[in-house]
Amino acid sequence: MRARLLAEVAALPARPGVYRYFDAQGGVLYVGKARDLKKRVSSYFHKNHAGTRIGLMVERIARLETTVVRSEAEALLLENNLIKALNPRYNILFRDDKSYPYLKITAPPPGVAPTTGAAYARVAYFRGAVDRRHHYFGPYPSGWAVKETIQLLQKAFRLRTCEDTVFANRSRPCLLYQIRRCSAPCVGHIARADYARDVDDAERFLRGEAGEVLGALQARMMAHADALEFERAAELRDQIGALSRVLHQQAVEVNSGAAFDKDADVLAARVQGGRACVNLAMVRGGRHLGDRPYFPSHVDALTPETQVLEAFLTQHYTATPPPPLLVLSQAVDKDLIAALGEASGVRIAVLHQPRGQRRDWLEMAGHGAEIALARLLAEEGSQQARTRALADALELEVDDLARLRIECFDISHTAGEATQASCVVFEGHKMQSAQYRRYNIEGITGGDDYAAMRQVLTRRYAKLAEQPDARLPDLVLVDGGRGQVAMAREVFEELGLDLSLIVGVEKGEARKVGREELVFADGRAKVALAPDSAALMLIAQIRDEAHRFAITGMRARRASVRTGGSRLEEIAGVGPKKRSRLLQRFGGARGVADASVQDLMTVEGISKDLAEDIYRALH
């Protein structure tokens, strides 16, 4: 096998591409990119990797595949897509969590009437696909950072945040005008040209031109004072004071005027205790907006921090545009940075031994990574202890506690209306939200929880019971006492499944939390764990998560039934995104039905023809 692999490697071209290693069972071991396929792949088989993760991987390689591309940038994009799709065992994999919030300033369309809300730019929190007509600033590390920035803009520039429908129906200024957070363009308290100038100043401030904005405001104030327009000069004086206070509140400011200093990402990687963390701090417009930790999988105590950082750069910036400056805790491959720049169209400068302000940023990011990693390790240690305590308390025979799988079911409804069942999954010492499922319960008498439990368990396990190699849970929790356990027992007997898997969580004396009792379907006596038992804490955590997941789904379904939200689903051209925008804009389906064609057209993505179709369908 090795001779065949070496022959294949010798025949590889010296061109950019992506390579994939497979084991004898066909499982994907690793996906990598290379500027020179032959040189890169050869290094795995001709160098000594003994005692390392790479060495263990090379011993398992049974087959390789390659794909030749035109450039290293194309190889970078293909590698990233394949890693996400195949989840290779030896690739450092970061969770695909790149939905960052932005700050949005709307752009008035040409020719719009000056009395409408669309004529006056609005500042708003935004997340999703961007519309090129408007101006976006970010990304921000959190929604809190966006909302804080909006508050700063309100204080310094008094821009509106209200929806166009609210703007159109104002006859007097709102509270925000009274507390000097808005200039009230809705009732004509500011000229359109003056408001547009405030918007332009706000955008320049967000781009890091705060000094220039202050200078322009001071010049305008003096011009009004020379013209004896003291009231207008006083307004500008107050605006300058508000902006100065905003700048003074910023904990981190950029002292250099270089363009790349205004937008930068600061990344610090740390590896400890077999886990890794990359802490990403964002600087936008010269302001430090906060940080965000990322924890990859497929690492161990011997994984180099440089390798972790390079994996993050590859996976993060192929989906999110990089800023002009990256400040890094480790030196990375220059070819990787060049490929990222080519793929994104951004010229990227990199520093890994910065000075001055940038060094302070990097030290802050490094401390943040260490704190986040210590917290993660503490939480994982606590959760692993809970898992072990539960396995011991219930005498579960599990070889690997990390593979202990628990599924928990709960039923939720309001007086029999909109009944839903939830199934949540615990595995790998944590809740696996991607594997949660909701089940709409139909064809039963409203309020019959036993029939609902029978239906959901049958739907969940009927097909699995027919598959001899199916992965069944090690424990099935049902939220309820003897009645629910008896129903679960009937289902499992019909399906031929092990009754010892079923455990009911029954509320104990006075239905108080911490006094729950465990009811078994296989005839064992009830067990009451101590209130401070780690096993009971874990059971309560899983049970509460099942209840939360069930009740949120039930409320959403009930709201849809009561408001007639499903009527929007029947209109051609109104998909989930447009339906969500309509419901958010008008406060529900009833508000959409009350809106005029012109009001409907103000929603992003709703054309005149579609607005007329919606209006006709709802009337």
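General remarks:
- Projecting the Cα atoms of Val199, Ala11, Ala216 onto the charge dipole of the chain, computed from C-beta unit charges around the Cα centre, puts Ala216 farthest toward the positive end.
- Along the range 315-328 the Karplus relation, 6.51 cos²θ - 1.76 cosθ + 1.60 evaluated at θ = phi - 60°, assigns HN-Hα couplings of 7, 7, 8, 7, 10, 10, x, x, x, x, 10, 10, 9, 10 Hz to successive residues, with x for each Gly and Pro.
- Phi to ³J(HN,Hα) by Karplus 6.51 cos²θ - 1.76 cosθ + 1.60 over the range 12-23, Hz, x for Gly, Pro: 5, x, 8, 10, x, x, 10, 10, 9, 9, 10, 8
- Solvent exposure ordering (accessible area, 1.4 Å, most first) of Asp36, Asp23, Asp609: Asp609, Asp36, Asp23
- Placed amide H near Arg122: partners under 5 Å, 5+ positions off or other chain: Thr106
- Rolling a 1.4 angstrom probe over the chain with all protein chains present gives an accessible area of which 50% lies on carbon and sulfur atoms.
- Karplus (6.51, -1.76, 1.60) ³J(HN,Hα), θ = phi - 60°, over the range 141-155, in Hz, Gly and Pro reported as x: x, 7, x, 4, 5, 5, 5, 5, 5, 4, 5, 5, 5, 5, 5
- Over the range 318-469, relative contact order from alpha-carbon pairs under 8 Å, at least 6 apart, %: 14
- Using the Cβ-Cβ distance between Glu466 and Leu176 with R0 set to 60 Å, the FRET efficiency works out to roughly 0.45.
- Check: the range 69-152 dipole with +1 on Lys, Arg Cβ and -1 on Asp, Glu Cβ, in debye: 220
- Taking label positions 7 Å along the Cα-Cβ direction at both Glu65 and Arg192, the computed distance is 5.9 nm, reported to one decimal.
- Placing +1 on the Cβ of every Lys and Arg and -1 on the Cβ of every Asp and Glu, with no other charges, gives the chain a dipole of roughly 1100 debye about its Cα centre.
- Lys/Arg +1, Asp/Glu -1 at C-beta; the chain dipole; positive extreme among Ala617, Tyr177, Ala540: Tyr177
- Nearest-0.05 FRET efficiency for Glu229 and Asn440, computed from C-beta distance (R0 45 Å): 0.10
- Nonlocal amide H pairs with His352, under 5 Å, H built at 1.01 Å: Leu328
- Ala219/Ala107 FRET efficiency (R0 25 Å; Cβ-Cβ; nearest 0.05): 0.45
- Here the spin labels are modelled as points 7 Å beyond Cα on the Cα-Cβ line, and at Ala11 and Ala374 they lie 5.6 nm apart.
- Among the listed pairs Lys155/Lys262; Lys262/Lys608; Lys47/Lys84; Lys47/Lys334, those with a Cα-Cα distance over 31 Å are Lys262/Lys608.
- Residues of the chain were split at every exposed loop site, defined as GluC sites (Glu not before Pro) in a DSSP loop with at most 15 other C-beta atoms within 10 angstrom, and the longest piece left, sites excluded, is 1-228.
- In summary, the lysines within cross-link reach of Lys463, defined as a Cα separation below 27 angstrom excluding same-chain residues under 8 places away, comprise Lys430.
- Annotation for Arg616 and Val527: the two label points, set 7 Å from Cα along the Cα-Cβ direction, are 6.5 nm apart.
- Only protein heavy atoms count here; on that basis, with a 1.4 Å probe, Cys186 has an accessible area of about 30 Å².
- Estimated at the nearest 10 Å², the accessible area of Met601 is 80 Å² with a 1.4 Å probe.
- Candidates Ala113, Leu495, Ser422 compared by Cα position along the dipole of the chain: farthest toward the positive end lies Ala113, with charges placed on Cβ.
- Take every DSSP beta bridge whose two residues both sit in the chain; close to 75 percent of them are antiparallel.
- His316 contributes an accessible area of around 10 Å² to the protein surface, as traced by a 1.4 Å probe with all chains present.
- Answer label, with semi-axes √(5λ) of the Cα gyration tensor in Å calculated from the coordinates and candidates (1) 44, 33, 20; (2) 55, 34, 18; (3) 48, 39, 25: (3)
- Total formal charge among the other residues, if their Cβ is under 13 angstrom from that of Tyr90, Lys/Arg +1 and Asp/Glu -1: +1
- Only Lys, Arg, Asp and Glu carry charge here, each on its Cβ (+1 for the first two, -1 for the last two); on that basis the range 379-455 has a dipole of about 180 debye about its Cα centre.
- Mean separation of Cα contacts under 8 Å (6+ apart) over length of the chain, as relative contact order %: 8
The values are calculated or read from the model by the stated rules, or taken from the named source; none is laboratory data. Keep in mind the model is a prediction, meaning the values are calculated, not measured. As a convention, Cβ positions derive from the backbone with ideal geometry for all residues, glycine included, and neighbour counts pool all protein chains shown. All accessible areas refer to the heavy atoms of the entire protein, side chains included, with ligands and DNA or RNA removed. Shrake-Rupley method; radii C 1.70, N 1.55, O 1.52, S 1.80 Å.
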